[in-house]
Amino acid sequence: MTVLRRPRTTSISSKDAALYLSLQTTAATSPKEFMAWPKCVHSRNGMFDLSADATEVTFVQAGMYHVQMTAECTDWSGGLGVWLRLNGAYVAMTAFHERGDSQCFAHRVFVHKGTKLKVYSSLATSICACATLSAVLIGASP
């Protein structure tokens, strides 16, 4: 595994900046749906691809990533929670337990180039707008 080099100056050029993605929902996510991330807060161009419907992120750079998602539901009425899915396999979940509950999952994953990430809500109620999804490259792989 290749470790990203540490910049020698206090200012970070775009060439040396960490590879990270920060996305946000702009509308509530309906029950039993994949979350859509139409608002891109930050992304290095060409390092991540977002599907046309904004529900799927494709990793362009292989490596170890820290993936984190935060969300809130206003009227919990059953269901498990929110799932992180990589290439169709469910790999992490956060559970909601009560009304107004706000939850987060943080998961480290090794991905190959082309790995696809989706977030699925298994709740019986909607997830509020402004949920966030972040992915940060910890270590690159050739």
Problem set entry | Distance between modelled label sites at Phe110 and His66, nm, 7 Å Cα→Cβ extension | 1.9 nm
For this session: Round to a whole angstrom and tell me the spacing of the C-alpha centers of segment 112-142 and segment 45-66.
Result: 9 Å
Exercise. In square nanometres, what is the average projected area of the Cα convex hull of segment 21-140?
Worked result: 6.4 nm²
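We did not get these values from a lab; they are worked out from the coordinates using the rules stated. All values derive from a computational prediction rather than experimental measurement. Quick reminder, even Gly has a Cβ in these numbers, built from the backbone with ideal geometry, and neighbours come from all protein chains shown.
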